[in-house]
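S.K.: The structure under discussion is supplied below as C-alpha cells; questions concerning it will follow.
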Amino acid sequence: MRFTKDHEWVDLAGDVATVGITAYAAEQLGDVVFVELPAPGKRVTAGEALAVVESVKAASDVYAPISGEVSAANSELSDNPQTVNDEPEAAGWFVKIKIADAAQIEALMDRAAYEAFLGTL
C-alpha cells in the first residue's frame, strides 16, 4: 500500500490500483454522510479531483493519486457512506483505476514514510 500527502492510499494488484482515503483522513472528516464517485470509464490525472466526500463537518475533494482510467467505483458507499469511517483502508475503498504509468506508484510514500509524515502534522 502507498500513500499521498493528501491522505489517499493506493493498493496495486497487477495494473489495477484500488484507491481510498486513509484512516487519518476519515478521522479528520468525522462522520461521512455522502460520497460522490466518478463513473467507470472516466480518465483521471494524478493530482486532480477524483471524488467528493461529505461529512457532518465539511465537504472535501479526494484527489487522484495516479493517472489512469476508472475501472470500478465502490457503489456500496452510496447506501453506506459510514463504511469510509468504519473501514477506510479496506471496504471503504472509492475506486479502482487501471493505471497509465506504474512509475507513479513508486513516487508515493510507503506506510513507514506516511506514518513519519503524519508525525509532522
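The values are calculated or read from the model by the stated rules, or taken from the named source; none is laboratory data. Keep in mind that what you see is a predicted model, and the values were worked out from it rather than measured. Cβ atoms come from the backbone with ideal geometry, glycine included; neighbour counts cover every protein chain shown.
S.K.: When only residues in the range 77-97 that are surrounded by fewer than 16 Cβ atoms within 10 Å (Cβ to Cβ) and of a type outside the set (Asp, Glu) count, which is nearest to Ala13 (Cα to Cα)?
M.R.: Ala90
S.K.: Residues of the range 79-121 being among the aliphatic types (A, V, I, L, M) and either at positive phi or part of a helix (DSSP H, G or I) (or both), which ones?
M.R.: Matches in the range 79-121: Val84, Ala103, Ile105, Ala112, Ala113, Ala116, Leu118.
S.K.: Which one of the conditions (1) under 22 Å from Tyr114 (Cα atoms); (2) without any contact (Cβ under 8 Å) to a residue 40 or more places away in the chain; (3) touching a Gly at 6+ places or on another chain (Cβ under 9 Å); (4) among the acidic types (Asp, Glu) does Glu69 fail to meet, given that it meets all the rest?
M.R.: Every listed condition holds for Glu69 apart from (1).
S.K.: Got at least one residue in the range 17-26 being within 19 Å of Met1 (Cα to Cα), of a type in the set (Phe, Trp, Tyr) and more than 15 Å from the chain's Cα centre (by Cα)?
M.R.: No, that holds for no residue.
S.K.: Can Gln82 be described as touching a residue at least 40 places away in the same chain (Cβ under 8 Å) and within 19 Å of Thr4 (Cβ to Cβ)?
M.R.: For Gln82, the condition - touching a residue at least 40 places away in the same chain (Cβ under 8 Å) and within 19 Å of Thr4 (Cβ to Cβ) - is not met.
S.K.: With the requirement that a residue be part of a loop (DSSP other than H, G, I, E, B), under 21 Å from Gly47 (Cβ atoms) and among the hydroxyl-bearing types (Ser, Thr, Tyr), what does the range 57-78 give you?
M.R.: Ser67
S.K.: Going through Ala73, Ala46 one at a time, which residue ends up being at pLDDT 95 or above, under 23 Å from Ala13 (Cα atoms) and touching a helix residue (DSSP H, G or I) at 6+ places or on another chain (Cβ under 8 Å)? Can you show your working first?
M.R.: On the way: Ala73 fails: touching a helix residue (DSSP H, G or I) at 6+ places or on another chain (Cβ under 8 Å).
So the residue among Ala73, Ala46 that is at pLDDT 95 or above, under 23 Å from Ala13 (Cα atoms) and touching a helix residue (DSSP H, G or I) at 6+ places or on another chain (Cβ under 8 Å) is Ala46.
S.K.: Take the range 1-48 and flag every residue that is of a type in the set (A, V, I, L, M, F, W, C) and not in a strand (DSSP E or B).
M.R.: Within the range 1-48, Met1, Ala23, Ala25, Ala26, Leu29, Leu37, Ala39, Ala46 qualify.
S.K.: Here's another thing I want to ask about it. Go through the range 103-120 and give me each residue that's β-branched (Val, Ile, Thr) and in contact with a Lys or Arg (Cβ under 9 Å, 6 or more places away or on another chain). Full working, then the answer.
M.R.: If we filter the range 103-120 for residues that are β-branched (Val, Ile, Thr), which is where we start, we get 105, 120.
Result: Ile105, single match.
S.K.: Which of (1) in contact (Cβ under 8 Å) with a residue 60 or more places away in the chain; (2) within 14 Å of Ala25 (Cα to Cα) is the odd one out, the single condition Ala113 does not satisfy?
M.R.: (2)
S.K.: Can you tell me which condition Ala46 does not meet? The list is (1) hydrophobic (A, V, I, L, M, F, W, C); (2) within 24 Å of Ala103 (Cβ to Cβ); (3) in contact with a strand residue (DSSP E or B) (Cβ under 7 Å, 6 or more places away or on another chain); (4) surrounded by 16 or more Cβ atoms within 10 Å (Cβ to Cβ), and all the others hold.
M.R.: (3)
S.K.: Another question, then. What single numbered condition from (1) at pLDDT 95 or above; (2) surrounded by fewer than 15 Cβ atoms within 10 Å (Cβ to Cβ); (3) more than 26 Å from Asp101 (Cα to Cα) fails to hold for Ala58?
M.R.: The one condition Ala58 does not meet is (1).
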